[in-house]
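Q: The structure's right below; bear with me while I get my questions together.
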Amino acid sequence: MATKTTGKMGLSSLTLFSVCAVLSVDGLTASASIGPSSITWWIITLVLFVIPYGLISSELGTTYPGEGGIYNWVKRAFGFKWAVRTTWFYWANVGLWMAASYIMFAGMFAEMFFPALGLWVQIAICISLIWLTIWICNISVDTGVWVTNLGALFKVIVIAVLGIGGFWYASHNGVANEFSFASMMPTMGSGLGFLPAIIFNLMGFELVACMGKEIKDPCRDIPKSIMLSALIVTSLYLLGTIGILMALPVEKITLVAGIIATLQTLFGEGAFGHFMVYGIGSLTLLTFIANMTTWTMGASRAAMKAAQAGELPEVFAKENLVHRTPVGANTITGVLSTVVILVYGLTSAECDKLFWSMFSFSSSIFLLPFLFMFPAYLKLRLSDPNARRPYKVPGSMGVQIAICVICFAFIAQAVILFIFPHIVSGIVDWSYSIPVALGIFSTIVVGECILAKATKRIQTVTIES
């Protein structure tokens, strides 16, 4: 018998939640910029990483469906210390990523509507968006789910327009890039250099498990929603990537302007063209808000549960008694993002380099918890063999070890390549790598300080009791 709750999120809401969490429109231009070989890398990553990762997330999410998700799984496997590290990285990434995401939002908004928009006006837009996101997440779960569902729909529309429009454009004007067997064969240098972006764009399928009691039927719906959303997301990434490559030569694709440039190429300069460029461009901007709402909802809930167990500072534990939203963790997320945005404004002499350093930094922090998640899965299979597993990854224990090792390797090399993107070619740009590495190191140090205080606090409580 499946475990049911009084939650409001069914299969469709869970699928849209996962699609909104994982699907990132701005990731399309990064994918397309590698050329036709990115198509092969998407397929390789789907088969070797996404499917095993989705299966593992499904088993963990249905076997241990309580709120907290990845934090709960790591804690069961390795104890509270590794759980604290996991939750810290998982939560801190969102505040850093939100800052980077809204910097891109402001840049794209300025490019579309106000090319001469000043830096501090863009900073003000970013801060306003940060606190709009926090407000949405604090109001109620229903409001957050509504935003994420709408965001998922917008993302599908944007990518469908780019993909289908690309094929339509190519049928009338020819293909902008060569799609041959040779051009689609990934080389080790370019493929490995781009792999972190592909991995990053396909992470987040486990996030839905953080919603806990908000899910109507976790045992039935979590596996279905994860696998369904994985197929939808990968198919959409492929469609959008191919569409952009159909319309724009690789050398003309840029991250921020790539989508707008593609829309302008597809639809021209007439009235209809302007309508599509500004209409689809505006939907793209709205997906940024939906994306950050989704991640804030999931990561803050995990942080709140850790704080309520005494494993993170007490400020993270505050919960809205009416709507059951993690207002403490949400608010601290907003504060962190605001500080990062202000630092960005004050050090904007090299804003492009700073932006990419921030993106790589936040992405690396985001991936670190998954270095704990896959070993936790194996540990729980061995240490808790009698747990009721409504969904179980098929195959022997040898198969489980193999897929976990592969998934772990994907994550580990992604982190390394985010810090040293050209290391495969024997090139290290220390002016880029040192700030990213220092940022990661600083985050780890802060996490260890929080862990030390949590350990002392729990030991004190244990002695007193």
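The values are calculated or read from the model by the stated rules, or taken from the named source; none is laboratory data. Small disclaimer: the values here were computed from a predicted structure and weren't measured. Quick reminder, even Gly has a Cβ in these numbers, built from the backbone with ideal geometry, and neighbours come from all protein chains shown.
Q: Filter the range 304-336 down to the residues that are under 20 Å from Thr148 (Cα atoms) and of a type in the set (A, V, I, L, M, F, W, C) and list them by number.
A: Val327, Ala329
Q: Suppose we filter the range 73-101 for residues that are small (Gly, Ala, Ser), touching a Leu at 6+ places or on another chain (Cβ under 8 Å) and closer than 18 Å to Leu371 by Cβ; how many remain?
A: Residues meeting the conditions: 2.
Q: Let me ask something else about it. Does the range 359-382 include one or more residues that are at pLDDT 90 or above, under 17 Å from Gly69 (Cα atoms), over 21 Å from the mean Cα position of the chain (by Cα) and among the small types (Gly, Ala, Ser)?
A: Residues of the range 359-382 at pLDDT 90 or above: 364-365, 367-382.
Next, only the ones that are under 17 Å from Gly69 (Cα atoms) stay: 367-381.
Cutting the leftovers down to over 21 Å from the mean Cα position of the chain (by Cα) gives us 378-381.
Then keep just the ones that are among the small types (Gly, Ala, Ser); that gives none.
Looking through the range 359-382, none of the residues is at pLDDT 90 or above, under 17 Å from Gly69 (Cα atoms), over 21 Å from the mean Cα position of the chain (by Cα) and among the small types (Gly, Ala, Ser).
Here's the yes/no breakdown for (1) touching a strand residue (DSSP E or B) at 6+ places or on another chain (Cβ under 9 Å); (2) modelled with pLDDT of 85 or more; (3) assigned to a helix (DSSP H, G or I):
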site	(1), (2), (3)
Ile123	no, yes, yes
Cys126	no, yes, yes
Ile136	no, yes, yes
Asn149	no, no, yes
Ile157	no, yes, yes
Tyr169	no, yes, yes
Glu178	no, yes, no
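Q: Do you know which residues across the range 250-267 are touching a residue at least 24 places away in the same chain (Cβ under 8 Å) and over 17 Å from Gly27 (Cα atoms)?
A: Across the range 250-267, the qualifying residues are Thr265, Leu266, Phe267.
Table: residues versus (1) over 18 Å from Phe154 (Cβ atoms); (2) touching a residue at least 12 places away in the same chain (Cβ under 8 Å); (3) buried (at least 23 other Cβ atoms within 10 Å of the Cβ).
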site	(1), (2), (3)
Glu269	yes, no, no
Phe272	yes, no, no
Val277	no, yes, no
Leu285	no, yes, no
Gly298	yes, yes, yes
Asn320	yes, yes, no
Leu342	yes, yes, no
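Q: Could you tell me which numbered condition Phe355 fails, if it satisfies all but one of (1) modelled with pLDDT of 80 or more; (2) buried (at least 18 other Cβ atoms within 10 Å of the Cβ)?
A: With respect to (1) modelled with pLDDT of 80 or more; (2) buried (at least 18 other Cβ atoms within 10 Å of the Cβ), Phe355 is out only on (1).
Q: Taking the range 87-122, which residues are farther than 23 Å from Val339 by Cβ and of a type in the set (Val, Ile, Thr)? Even if it seems obvious, please write down each step before you answer.
A: Applying the first criterion (farther than 23 Å from Val339 by Cβ) to the range 87-122 yields 111-116.
Of everything in the range 87-122, nothing turns out to be farther than 23 Å from Val339 by Cβ and of a type in the set (Val, Ile, Thr).
Q: Follow-up. Give me the pairs, please: first residue somewhere in the range 102-123 and under 22 Å from Thr333 (Cβ atoms), second residue anywhere and hydroxyl-bearing (Ser, Thr, Tyr), beta-carbon distance under 7 Å, and either six or more positions apart or on two chains.
A: As it stands, the answer is Ile103/Tyr344, since those pairs meet every condition given.
Q: A follow-up question, please. Could you tell me whether the range 364-383 includes any residue that is more than 30 Å from Gly95 (Cβ to Cβ) and loosely packed, with under 15 Cβ neighbours inside 10 Å? Please lay out each step first, then the result.
A: Step one: filter the range 364-383 for residues more than 30 Å from Gly95 (Cβ to Cβ), giving 378, 381-383.
Those left that are additionally loosely packed, with under 15 Cβ neighbours inside 10 Å: 382-383.
There is at least one residue in the range 364-383 that is more than 30 Å from Gly95 (Cβ to Cβ) and loosely packed, with under 15 Cβ neighbours inside 10 Å.
Q: While we're on this one: So, in the range 239-262, exactly how many residues are surrounded by fewer than 24 Cβ atoms within 10 Å (Cβ to Cβ) and at pLDDT below 90?
A: 11
Q: Moving to a separate point now. Check every one of the helices (runs of 4 or more DSSP H) wholly within the range 8-48 and list those with 2 or more residues that are free of Cβ contacts under 8 Å to residues at least 12 places away in the same chain.
A: Working: elements: 11-22, 27-32, 37-45.
So the answer is none; nothing clears 2.
Q: In a loop (DSSP other than H, G, I, E, B) and either crowded, with 18+ Cβ neighbours inside 10 Å or among the hydroxyl-bearing types (Ser, Thr, Tyr) (or both): is that true of Pro65 in this structure?
A: Yes, satisfied.
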